[in-house]
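Inspection log for the structure reproduced underneath, given as structure tokens.
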Amino acid sequence: MKYKVEILQDTGYETIEAEEGSVLMDVLGEKGYYIYSPCGGEGTCGKCLVHIRGKGIVAACRFKIHEDITVILQGEREMSVLGAQHEYTATMDFNPGQPALLSDKPVGCAVDIGTTTIVYYFIDLTNGLLMRTYVDINPQSNYGADVISRINRCVGDAGAVKKLHLLLVESVKSNINRFITDTGTEAKDITAINVVGNTTMLHFIAGVDPSPIAFSPFKPVFTDYRILNAREMGLRINAEAKINLLPSLSGYIGSDIIAGLASLQDSLGGLFLYTDIGTNGEVVLSSEDRIWACSTAAGPAFEGANISCGSLAAGGAICSYKDGKIKTIANSEPDGICGSGLVDIIAHMLSGKLVSPEGKINKPFVVYKKGKSRTISITQQDIREVQLAKAAVAAGINILLRRSGYGYGDVEKFIIAGGFGNYLDTGSAIKIGLFPEQLNDKLLQVGNAAGTGAVLSLKSEYFIDRINNILSRTEYLELSSNEDFMEKFVSNINFKSQTT
Amino acid sequence: MDEIIQKISSCIEYGKINRASPYPPGMKDQDGAYELTRQALDRGISPSEILESGMIPAMEIVGNKFSRNEIFVPQMLMSAKAMNAAMEHIKPFFISGEAKRKGVFVIGTVAGDLHDIGKNLVAMMIEGGGWEVIDLGVDVKPDKFKDSIRQYPGCFVGLSALLTTTMENMKITVKELKEQYPHIKVLIGGAPVTDDFRQKIGADFYSPDPQGAVKYLNTNRVLQ
Ligand code: B12
């Protein structure tokens with residue numbers, strides 16, 4: 001019995017055949033696809049990760065073929081977003097504390113629960129090395145794309161809270177099992193799980209009804225450090241292992257943002273901006289003493305939602321567009337447009353005067369013709385969605401600066417965290433006015449800082465001090481009651497800034 | 001039509017508030033809606049003529065352009081500001097009775113929701129359509145709407161909601177208002193709201209944009 005294996009890679013795609021039960025890494029190797037596997041296919045290094053459509057990330061050396069599959073070989077680019085280190089990562093002595101004492105081969109798990117994806121990092125607590133990284137789709141996605149829709153399911157329905165809680169627990173369970181299978185680690189050796197996420201996700205994992213977050217005054221039930229019992233949650237890991245939820249600031253500034261900030265080096269010093277552009281569009285301004293934070297509610301346009309041909313950043317999504325040249329993730333045939341592609345295309349349209357500074361187009365802009373039946377294009381409404389989203393972020397930046405009394409000239413760095421931020425072409429982002437032109441040479445893309453923060457919290461028990469220090473210095477700005485917001489927002493909707 | 005009324009009209013259409021305003025660049029250093037309305041009144045043109053032949057038709061053009069997606073929020077807001085500037089001179093005549101409004105429109109963002117940009121635009125466009133607008137602000141509980149209904153008999157009510165979660169409060173508000181005042185007409189809108197939802201909750205009218213609401217009010221006011 002032979003199966004079809006379709007291979008998508010940065011440089012092209014092809015379909016090969018494979019025998020029933022053959023190991024994916026061998027099949028790929030025979031065809032000349034080099035998969036980096038320092039452990040030589042022993043299943044211990046976790047470097048040979050590939051993405052199988054519909055199945056997620058798997059270790060190629062462990063995966064046996066029993067059906068037709070599509071393999072997306074991660075370009076180095078893809079994995080680097082998740083990779084926990086960059087030059088601005090805080091350096092901390094390895095000091096894992098209590099969890100390292102619970103076993104002689106202790107392993108910690110750091111989890112970053114995003115609304116769309118969940119990332120797992122397994123850390124060897126004897127030396128601090130990263131053993132495995134797994135990415136999972138948040139299984140709650142069937143209950144709505146954004147946190148508000150999911151909370152909406154829970155209003156007056158305790159059953160739904162429980163259900164959404166269990167979905168997250170299931171994801172944690174299955175990724176722990178995957179790790180155990182992949183590495184031969186014993187369940188009892190997993191001695192700590194440290195979790196970051198937006199405030200709503202933290203409520204769900206704790207099994208707490210997040211409803212209050214969705215109604216004015218948007219007060220969460222908790223923001224403090226929470227310790228859950230792994231056994232009570234049904235996780236059969238080390239009997240004394242704890243699940244630590246890192247603290248948040250407010251309903252819309254979660255521990256993902258705070259841990260991300262804490263993961264940055266002290267030497268960054270001075271005044272810097274920090275943003276993680278997802279659906280909530282959090283923006284933070286940090287000075288040596290005080291910190292200001294707000295959530296701009298940009299919406300999911302940059303995640304491809306509400307865009308006629310929009311898509312998540314997955315295989316087939318147009319992720320870059322330069323002078324009419326299209327690049328897609330995994331180099332497969334264009335299928336949709338993800339956030340970074342969208343920003344590039346609109347920047348291109350602005351340069352070519354295909355869209356007016358006010359956002360008016362004369363006809364839809366055709367990006368790609370897919371056979372006779374389908375065209376991938378940008379419509380008038382798509383432009384409007386982008387205008388609203390980028391104006392919200394730009395207005396948030398304006399307001400933080402005004403509140404702090406600083407100007408653009410005082411800002412030394414502008415840290416862009418998160419997946420979308422990492423792939424984004426900063427030139428295009430400035431062109432469309434998502435980021436201010438004045439900060440052009442100060443932009444720094446750092447990948448998944450939230451995940452880095454969670455990992456650091458396993459590596460050092462003193463990391464929590466950094467987090468508490470940040471929390472004690474941060475003021476949350478509620479934009480809903482901010483008198484300047486409407487003016488700043490509206491004056492940033494046009495592409496050419498017409499700030500008065 | 002008088003040339004000056006024509007001019008007021010184009011100031012409103014293109015958002016020229018007053019002489020000092022730099023916007024739009026093409027009308028720099030010219031008189032704006034504010035100055036021209038004063039001049040028109042000084043020349044003896046009646047306030048209702050300025051309103052009905054100059055201001056309202058201009059706002060209608062703006063509203064229609066917005067509905068067709070030809071202009072967007074900033075341009076509509078500039079037009080509304082120009083209209084407000086002209087209205088400053090007209091307002092005293094509403095009190096004296098020399099000029100009349102078409103009726104009263106009460107609007108607010110429903111309980112639990114603080115989004116008001118869309119609601120503000122709707123309020124401005126309806127005011128520009130010749131209506132008196134009572135804006136109750138954001139996070140408005142049903143009782144507050146009821147107070148206004150008692151205070152302005154025959155008014156129309158508009159509800160705005162931007163959150164999936166507060167659409168439920170919109171439903172509750174409509175229900176409460178209709179129970180106590182069965183003849184009151186309730187208009188609803190906001191990004192997540194649809195006409196299906198309107199039907200489900202028993203509201204009278206849904207519009208994705210302000211101009212639809214203006215049209216509805218104009219055609220239904222005699223019936224009230
Ligand atoms: C600006 C904005 C804000 C501002 C609001 C400022 C203000 N004073 O209103 C701020 C930043 C404060 C804000 C806050 C929140 N927001 Co907000 N916000 C937005 C944003 C970016 C634009 C909304 C907007 O003003 N659009 C422009 C106006 C003109 O459009 P409109 O309101 O739809 O109105 C038009 C029509 O709907 C219609 N209309 C409106 N009302 C009515 C009424 C009647 C009677 C009629 C006829 C017509 C009508 O006419 C208008 C003109 O055409 C959207 C996302 C987006 N890209 O759209 C999110 C969005 C609405 N927010 C959202 C959320 C969740 C929030 C928060 C609860 C959480 C958060 N931070 O993310 C908070 C709450 C407060 C807090 N804790 O900060 C979500 C809602 C998701 C959902 N499923 O419900 C959105 C969709 C973003 C997202 N996907 O996450 N937000």
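In the range B:127-164, the residue that is surrounded by the most Cβ atoms within 10 Å (Cβ to Cβ) out of those that are under 17 Å from the mean Cα position of the chain (by Cα), more than 9 Å from the ligand (Cβ to nearest atom) and of a type in the set (A, V, I, L, M, F, W, C) is B:156. Of the strands (runs of 3 or more DSSP E) lying entirely inside the range B:103-167, those containing at least 1 residues that are closer than 30 Å to residue A:213 by Cβ and within 13 Å of chain A (Cβ to nearest Cβ) are B:104-109. One residue stands out in the range A:281-297 among those that are in a loop (DSSP other than H, G, I, E, B) and touching a residue at least 60 places away in the same chain (Cβ under 8 Å): the one that is nearest to the chain's Cα centre (by Cα), namely A:281.
In the range B:79-101, what residues are more than 16 Å from the ligand (Cβ to nearest atom) and not hydrophobic (A, V, I, L, M, F, W, C)? Listed by number, the residues that qualify are B:84, B:88, B:89, B:91, B:92, B:96, B:97, B:98, B:100, B:101. For first residues located in the range A:470-485 and within 14 Å of another protein chain (Cβ to nearest Cβ) and closer than 17 Å to residue A:298 by Cβ, partners that are near the ligand (Cβ under 9 Å from one of its atoms) and part of a strand (DSSP E or B) and lie 6+ apart or on another chain with Cβ distances below 8 Å form the pairs A:477/A:294; A:478/A:294; A:479/A:294; A:479/A:295. Taking each residue of the range B:173-192 that is away from chain A (no Cβ under 14 Å) and in contact (Cβ under 8 Å) with a residue 60 or more places away in the chain and looking for partners that are part of a loop (DSSP other than H, G, I, E, B) and within 11 Å of the ligand (Cβ to nearest atom) with beta-carbon atoms closer than 6 Å, six or more apart or interchain, yields B:189/B:207. Exactly one residue out of A:344, A:276 is in the same structural domain as residue A:450 (by TED's automatic domain parsing), in contact (Cβ under 8 Å) with a residue 24 or more places away in the chain and either within 30 Å of residue A:144 (Cα to Cα) or buried (at least 21 other Cβ atoms within 10 Å of the Cβ) (or both): that is A:276. A Cβ distance below 6 Å, combined with a sequence gap of six or more or placement on separate chains, defines the contacts here; from the range A:375-398, residues that are farther than 29 Å from residue A:415 by Cα reach residues that are within 12 Å of the ligand (Cβ to nearest atom) in the pairs A:380/B:69. Do we find that residue A:291 is touching a helix residue (DSSP H, G or I) at 6+ places or on another chain (Cβ under 9 Å), more than 16 Å from the ligand (Cβ to nearest atom) and over 30 Å from residue B:163 (Cβ atoms) in this structure? Here the answer is no, as residue A:291 does not meet what is asked.
Among the residues of the range A:396-450, the ones that are small (Gly, Ala, Ser) and out of contact with any strand residue (DSSP E or B) (no Cβ under 9 Å at 6 or more places or on another chain) come to 5 in all. Exactly one residue out of A:214, A:230, A:160 is within 14 Å of another protein chain (Cβ to nearest Cβ), surrounded by 16 or more Cβ atoms within 10 Å (Cβ to Cβ) and without any contact (Cβ under 8 Å) to a residue 40 or more places away in the chain: that is A:160. Taken over the range B:202-216, the criterion of being more than 7 Å from the ligand (Cβ to nearest atom) and aliphatic (A, V, I, L, M) is satisfied by B:203, B:214.
The values are calculated or read from the model by the stated rules, or taken from the named source; none is laboratory data. Predicted, not measured: the structure shown is a model, and the values here were computed from it. A quick note on method: Cβ atoms are made from the backbone with ideal geometry, for glycine too, and the neighbour counts reach across all protein chains shown.
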